[in-house]
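Data block below; observations after.
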Amino acid sequence: AEQASVESPIAGLNVLFTGKMQQGSRNDMKAQARVLGAKVLSSPSGALELLVIGEKASAAKIAKAEGYGAKVLTEAEYLDLIATSESAI
């Protein structure tokens, strides 16, 4: 699906969510990220740029993401990051 041009801190980034999210389901977070212009991945890969971790996130997945050079954010850090773009939507 073609993405509309969106102004957001995560627009154009390859993002992956892991662990249990507190502010909604992981599917909700994925859908929101897509609206903000991000590409949501299903597993860590060399294309991964941002890993958002919730509770009980897989240590192996975090290590893999860091190995690929991805930035790792907690759910709270991610929500702070996108909060600025949320007000614009």
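Summary table below
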{"item": "Only listed residue being more than 16 Å from Ala70 (Cα to Cα) and out of contact with any Cys (no Cβ under 9 Å at 6 or more places or on another chain), chosen from Lys30, Lys39", "result": "Lys30"}
{"item": "Failed condition for Ser8, given (1) out of contact with any Leu (no Cβ under 6 Å at 6 or more places or on another chain); (2) crowded, with 18+ Cβ neighbours inside 10 Å; (3) touching a residue at least 60 places away in the same chain (Cβ under 8 Å)", "result": "(1)"}
{"item": "Tabulated pairs, the range 15-43, first at positive phi, second among the acidic types (Asp, Glu) and modelled with pLDDT of 95 or more, C-beta under 7 angstrom, 6+ apart or interchain", "result": "Gly19/Glu55"}
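The values are calculated or read from the model by the stated rules, or taken from the named source; none is laboratory data. In this text the structure is predicted, and so the values were computed from the model without any measurement. Every residue, glycine among them, receives a Cβ derived from its backbone with ideal geometry; neighbour counts consider all protein chains shown.
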